[in-house]
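Here is the structure we will look at, set down as structure tokens.
The values are calculated or read from the model by the stated rules, or taken from the named source; none is laboratory data. None of these values were measured; they are calculated from a predicted model. Here Cβ is always computed from backbone atoms with ideal geometry, including for glycine, and neighbour counts include all displayed protein chains.
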Amino acid sequence: MAGCYGRFMNTATTTQGHYGDAFGRALERARAEFIETPDLTLTVDQAARRWACNPDVCVAVMATLVESRFLVRTKHAFARSK
């Protein structure tokens with residue numbers, strides 16, 4: 001994912017429309033888990049395994065949460081905003 005932040009952010013809108021309900025469920029689950037565990041840090045691959053969802057959905061979820069400033073993107077992963 002390094003060096004492709006622009007592509008990452010553009011994927012969110014496309015994936016939301018394509019995956020619909022899966023996106024909504026993953027978004028709710030991600031928010032809940034990051035609220036329950038404020039120091040949680042996950043890569044997209046870790047999130048996909050943890051939530052048993054398509055990696056493209058996880059990319060869209062993370063992008064949405066970054067855009068809303070709920071999460072921040074670190075060098076290798078995503079974490080809750082301070």
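Things to note:
- Selection from the stretch 65-82 of residues that are in a helix (DSSP H, G or I) and either of a type outside the set (V, I, T) or at pLDDT below 95 (or both): L65, E67
- The residue that is surrounded by the fewest Cβ atoms within 10 Å (Cβ to Cβ), counting only those in the stretch 30-43 that are out of contact with any strand residue (DSSP E or B) (no Cβ under 8 Å at 6 or more places or on another chain) and farther than 18 Å from R69 by Cβ, is E36.
- Number of residues in the stretch 14-29 that are modelled with pLDDT under 55 and either surrounded by fewer than 18 Cβ atoms within 10 Å (Cβ to Cβ) or at positive phi (or both) equals 1.
- A count restricted to the stretch 46-56 and to residues that are more than 16 Å from E33 (Cα to Cα) and in a helix (DSSP H, G or I) stands at 2.
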